[in-house]
1. Only residues that are more than 9 Å from the chain's Cα centre (by Cα), crowded, with 16+ Cβ neighbours inside 10 Å and not in a strand (DSSP E or B): list them for segment 1-45, please.
2. Which condition number does Gln53 fail, the rest of (1) touching a residue at least 24 places away in the same chain (Cβ under 8 Å); (2) exposed (fewer than 12 other Cβ atoms within 10 Å of the Cβ); (3) of a type outside the set (Ser, Thr, Tyr) being met?
Amino acid sequence: MGVVAVLHDLNLARRYADEVVVLGGAAGGLLQGATAEVLEPGLIEAVWGTPCQPVTSADGTVQYLFG
């Protein structure tokens with residue numbers, strides 16, 4: 001069983017998704033793979049044009065701060 005969801009909140013996607021698909025990658029293409037591998041700061045900055053800083057909480061959860 002699987003679920004397809006469209007999320008614009010990258011922290012929610014990082015927390016709950018096993019895999020993600022990012023539209024509009026480096027050459028306007030499609031990137032797909034494991035969430036932790038795809039949603040990394042370099043890609044986020046290239047696709048969305050906003051800097052981000054990964055922050056790890058005490059329980060080991062990684063979230064991004066944007067801006």
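1. The answer is Ala17, and nothing else.
2. (1)
FYI, it's all coordinate maths here, none of it is from the lab. The structure presented is a predicted model; accordingly, all values stated were derived computationally and were not measured. For neighbour counting, all protein chains shown are included, and Cβ atoms are generated from backbone atoms with ideal geometry for every residue, glycine included.
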